[in-house]
Amino acid sequence: MDPEILEIGFLGTAGTEARPVDLQVVTFRTNAGWRYLDIEVCRPLRSLGEADAFDRELRARGLAPYTLTGADILKEPRFSTARAIWTYRRFSVPPDMRHRLLAALAEDGPMSLHHLCTLVPGPLDPFASVLSLACRNEVEIDISTPLSRSTTVRSRS
């Protein structure tokens, strides 16, 4: 949901067939380049040799760590807002509703959630549709404030 993130990926293993290195990292691309997500409280235990191989493989791919602490993850209001939006991840958005929402954002640019919902009325709930599209990385929602009528929505394209 972070507008700085342009692409997300996953890197499972690397190295050679004879010496595979278990990485299991989420990668992401911003305008500054590719990084990998390093969540302090979820780091697996590695031997010194495994840690060296891990660091070597990620450096070889030009991946720098983006470290998050437990406190970073739980920081409000981002945590609650992201959780609220994520509850709509399975909401099915019909193609027509998706097209109308994305077209409104493309035409008028960033706008409040309330304004977008008034521009694209039902038959399905436009609010749920917008949040579902955010979970699919098709729109950006500002999660730096609590979710409300004035929350800013932007197109990802």
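The values are calculated or read from the model by the stated rules, or taken from the named source; none is laboratory data. The shown structure was predicted, so the numbers you read here are calculated from the model rather than taken from an experiment. Methodologically, a virtual Cβ is constructed for each residue, glycine included, from the backbone with ideal geometry; neighbour enumeration extends over all protein chains shown. Remember, those area values only see protein heavy atoms, side chains included, never the ligands or the DNA or RNA. Shrake-Rupley method; radii C 1.70, N 1.55, O 1.52, S 1.80 Å.
One residue stands out among those in segment 2-30 that are over 15 Å from the mean Cα position of the chain (by Cα) and under 27 Å from Glu140 (Cα atoms): the one that is most open to solvent (accessible area, probe 1.4 Å), which is Gln24.
Considering segment 103-113, the residues that are loosely packed, with under 12 Cβ neighbours inside 10 Å and on the phi < 0 side of the Ramachandran plot include one that is nearest to the chain's Cα centre (by Cα), namely Ala106.
Whenever a residue of segment 37-66 is within 20 Å of Pro20 (Cβ to Cβ), its partners that are of a type in the set (Lys, Arg) and open to solvent by 50 Å² or more (accessible area, probe 1.4 Å), lying with C-beta atoms within less than 7 angstrom and at least six residues away or across chains, give the pairs Phe54/Arg46; Leu63/Arg35. Considering the conditions (1) open to solvent by 40 Å² or more (accessible area, probe 1.4 Å); (2) within 22 Å of Arg136 (Cβ to Cβ); (3) not in a helix (DSSP H, G or I), Arg83 is excluded by exactly one of them, (3). Scoring Ser150 on the criteria (1) under 23 Å from Phe28 (Cα atoms); (2) in a loop (DSSP other than H, G, I, E, B); (3) not basic (Lys, Arg) leaves a single failure, condition (1).
Please go through segment 114-149 and give me each residue that is surrounded by 13 or more Cβ atoms within 10 Å (Cβ to Cβ), touching a residue at least 24 places away in the same chain (Cβ under 8 Å) and over 18 Å from the mean Cα position of the chain (by Cα), ordered by number. Scanning segment 114-149 gives His114, Leu116, Leu124, Pro126. No other residue among Leu48, Leu68 is farther than 23 Å from Val130 by Cα and loosely packed, with under 14 Cβ neighbours inside 10 Å apart from Leu48.
Restricting attention to segment 51-65, the residues that are open to solvent by 60 Å² or more (accessible area, probe 1.4 Å) and in a helix (DSSP H, G or I) total 5. Taking the criterion of being closer than 18 Å to Pro146 by Cβ, assigned to a helix (DSSP H, G or I) and touching a helix residue (DSSP H, G or I) at 6+ places or on another chain (Cβ under 6 Å), no residue of segment 87-115 qualifies.
Every condition in (1) over 23 Å from Ile141 (Cα atoms); (2) modelled with pLDDT under 95; (3) in a strand (DSSP E or B); (4) touching a Phe, Trp or Tyr at 6+ places or on another chain (Cβ under 7 Å) is met by Arg46 except one, and the failing one is (3). Only one entry in Arg100, Arg89 is open to solvent by less than 80 Å² (accessible area, probe 1.4 Å), at pLDDT 95 or above, basic (Lys, Arg) and under 25 Å from Arg156 (Cβ atoms), namely Arg100.
Table: residues versus (1) β-branched (Val, Ile, Thr); (2) under 27 Å from Arg156 (Cβ atoms).
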| residue | (1), (2) |
| --- | --- |
| Gly9 | no, yes |
| Gly15 | no, no |
| Val26 | yes, yes |
| Thr30 | yes, yes |
| Leu37 | no, yes |
| Leu45 | no, no |
| Leu48 | no, no |
